[in-house]
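The values are calculated or read from the model by the stated rules, or taken from the named source; none is laboratory data. No experiment lies behind these values; they were computed from the predicted model shown. All Cβ positions, even for glycine, are placed from backbone atoms using ideal geometry, and neighbour counts span all protein chains on display. Areas reflect the complete protein model, heavy atoms only, side chains present, ligands, DNA and RNA absent. Shrake-Rupley method; radii C 1.70, N 1.55, O 1.52, S 1.80 Å.
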There are 2 protein chains.
Amino acid sequence: MATTREPIDFYFDFLSSYGYFASLRIEALAARHGRAVRWHSMLLGVSVMKTMGLKPLLDTPLKGDYVLRDTARYMRRHRLQLARKLTDPVMDPRAAARGFYWVRRHHPGQEAAYAQAAFDAYWREGRDLGAPAQVAALAPAIGVAGAQMLAGIESDQARADLRDAVAASLARGVFGSPFFFVDGEPFWGSDRLEQIDDWLAAGGW
Amino acid sequence: MATTREPIDFYFDFLSSYGYFASLRIEALAARHGRAVRWHSMLLGVSVMKTMGLKPLLDTPLKGDYVLRDTARYMRRHRLQLARKLTDPVMDPRAAARGFYWVRRHHPGQEAAYAQAAFDAYWREGRDLGAPAQVAALAPAIGVAGAQMLAGIESDQARADLRDAVAASLARGVFGSPFFFVDGEPFWGSDRLEQIDDWLAAGGW
């Protein structure tokens, strides 16, 4: 069935812990099956809160407690140590997301490295990335000048690129983080990585 | 860590397709690890709609479409053929749930067989179980007289038992279907069965 070698599309929000977890594994998973990964920054605030009319996970009765338990269990299993707690105040993710689209436009091919650096800074190191200057501090990690990135994050072009990307993600049915398309099939959640692995191994079903 | 042989608690709503899917696999999974399964009928209308304030899955923008795709994919993989479609009108699940607690009280040990018969009738055969008489028609499958079960489903005791069971499930943090507790750890979703398998094999983590 799936005889193509289409890249895997990986959608994430930088403020999503599950998106971060998936970001640590998707490249190796894809590579095992000879696939590339196309990274896409999206905004849960637009998909979950505005479009679906839902509350943030941790503010949802019952589910909030579950997510804390589930995340702790995931971190034990994968031996992750994060400076940031899920219950810490959540950043405004738009500067980091605009940074992503600025990198993609001006340093194409570097956007995955940028996303990994941003995820690492926010979740493992616990740094705040809510302000453009904090995001621009990631620039050296991908060999870019900080002043250029700062100007880029503030640019109308980056704002338009993010807006277009979020609209495109919604049009494609993306709502959560992480969210994947593999051979046209949508997969939602970091707990679907094993299923994606099976899908790629089997050539779909 | 998990050196006990505690039964696995399995919570489900009869109107939940994912709950049905899990019901087909949980006993064999548990048995491979020497565990029993305690079945618990719950009501998504109370947990998801009243307590969490959410809409039914299929009525949630974006997620509704995803669930249809995801379910179709699951059914292809597990070679399931159902007479009922997810988009068919949803039954009132309370009669079937009261039937479960009546069986548990009066024919203890038979409630899993009853639940399997009810799931099979509703999902695979596409029969409606919204009315007590339709539920009572399942009685012969577990060797019980239909008239007795019908009276039981209508009894105050069954109503009280269901009410108490739903309250207990909420107090324990159960919100979705399927939902499991394994060694005190909560697992939500049919896509977590593989993780539960790993947990039991590893003795937890």
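So, with +1 on the Cβ of K and R and -1 on the Cβ of D and E, and no other charges, what is the size of the charge dipole of the range B:43-193 about its Cα centre, to the nearest 20 debye? Could the numbers behind the result be given before it?
On the way: 20 positive and 16 negative charges, 79 e Å.
I would put it at about 380 debye.
Under 8 Å for C-alpha pairs, at least 6 residues apart: give me the relative contact order for chain B, rounded to a whole percent.
Working: 276 pairs, mean separation 64.8, N = 205.
Computed over chain B, the figure is 32 percent.
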With Cβ to Cβ distances under 9 Å as the rule, what net charge do the other residues near B:PRO132 carry (K, R +1; D, E -1)?
-> 0
Area accessible to solvent at B:THR60, 1.4 Å probe radius, in Å² = 10 Å²
Of the options A:LEU15, B:ALA31, B:SER169, report the single residue whose Cα projects farthest towards the positive end of the charge dipole of the protein assembly as shown (beta-carbon charges: Lys, Arg +1; Asp, Glu -1).
-> B:ALA31
How many square angstrom of accessible surface are buried between B and A, both sides summed, with a 1.4 Å probe and rounding to 100?
-> 3300 Å²
Buried on assembly, the range B:167-190 (at least 40 Å² less accessible surface than by itself, 1.4 Å probe) | B:PHE175, B:GLU185, B:PRO186, B:TRP188
Top of B:LEU80, B:LEU62, B:LEU162 by mean-square fluctuation, Gaussian network on chain B, Cα under 10 Å | B:LEU62
Keeping to pairs on different chains or 8 or more places apart, tell me how many lysine pairs in the protein assembly as shown have Cα atoms under 26 Å apart.
-> 19
Kindly tabulate the residues in the range A:22-58 with an accessible-area decrease of at least 50 Å² between the chain alone and the assembly of all protein chains, using a probe of 1.4 Å.
-> A:MET52, A:LEU54
Long-range amide H partners of B:GLY189, meaning residues 5 or more apart or on another chain whose placed amide H is closer than 5 Å, are B:PHE179, B:PHE180
Alpha-carbon Rg/Rh ratio, for the range B:74-200, with Rh computed the Kirkwood way = 0.99
Karplus 3J(HN,Hα) series, Hz, for the range A:52-69 with 6.51 cos²θ - 1.76 cosθ + 1.60 (x for Gly, Pro) = 8, x, 9, 8, x, 3, 5, 8, 8, x, 6, 5, x, 5, 4, 4, 5, 5
What residues have an amide H closer than 5 Å to that of B:ARG38, excluding those fewer than 5 places away on the same chain, when H is modeled at 1.01 Å from N in the peptide plane?
-> B:ILE8, B:ASP9, B:PHE10
Total charge of the residues flanking B:TYR18 in space, meaning their Cβ is under 11 Å from its Cβ, with Lys and Arg +1 and Asp and Glu -1, is -2
Hey, if we sort B:ARG159, B:ARG32 by accessible area with the 1.4 Å probe, largest down, what's the order?
-> B:ARG32, B:ARG159
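Return one whole number: the accessible area per residue of the protein assembly as shown in Å², for a 1.4 Å probe.
That works out to 43 Å² per residue.
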If you take every DSSP beta bridge whose two residues both sit in chain A, what share of them, in percent to the nearest 5, is antiparallel?
-> 60 percent
Binned Cα-Cα distances of the range A:35-146, short to long, each 5 Å bin given as a whole percent | 2, 10, 17, 20, 20, 17, 10, 3, 1
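State to the nearest 20 debye the size of the charge dipole of the range A:1-124 about its Cα centre, where the only charges are +1 on K and R beta carbons and -1 on D and E beta carbons. If you can, show how the numbers build up before the last one.
Numbers: 20 positive and 11 negative charges, 55 e Å.
Charge dipole, the range A:1-124, about its Cα centre: 260 debye, nearest 20.
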Computed about the Cα centre, the charge dipole of the protein assembly as shown from +1 Lys/Arg and -1 Asp/Glu charges at the Cβ has a magnitude in debye, to the nearest 20, of 120 debye
Kirkwood-based Rg to Rh ratio, the range B:1-66, C-alpha trace | 1.09
Could you pull the copy-to-copy label distances for B:GLN110, with points set 7 Å along Cα to Cβ, in nm to one decimal and sorted shortest first?
-> 7.2
Candidates B:GLY146, B:GLY45, B:GLY173; GNM for chain B (alpha-carbon contacts under 10 Å) flags as most fluctuating B:GLY173
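Could you tell me what percent of the accessible area of the range A:33-174 is made up of carbon and sulfur, with a 1.4 Å probe and every protein chain present?
Details: 3570 of 6750 Å².
Carbon-and-sulfur percentage of accessible area, whole number: 53.
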How much accessible surface does B:ARG76 have with a 1.4 Å probe, in Å² rounded to 10?
-> 100 Å²
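From the protein chains alone at 1.4 Å, what is the descending order of accessible area for B:LYS50, A:LYS63, largest first? Kindly include the intermediate steps, with their values, before the conclusion.
Numbers: B:LYS50 165, A:LYS63 25 Å².
From most exposed to least exposed: B:LYS50, A:LYS63.
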Quick one: label points 7 angstrom along Cα→Cβ at A:GLY184, distances to the other copies in nm, smallest first?
-> 4.9
Express in whole angstrom the spacing between the alpha-carbon centres of the range A:133-201 and the range B:3-25.
-> 35 Å
Highest GNM mean-square fluctuation, chain A, Cα pairs closer than 10 Å: which of A:ILE142, A:ILE153, A:ILE26?
-> A:ILE142
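Residues of B:74-86, mean number of Cβ from any other protein chain within 10 Å of their own Cβ, rounded to a whole number? Each step should come with its number before you reach the end.
Working: counts 2, 0, 3, 6, 1, 1, 0, 0, 0, 0, 0, 0, 0.
Average per residue, whole number: 1.
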Calculated label separations, A:LEU86, copies of the chain, 7 Å along the beta-carbon direction, nm = 2.4
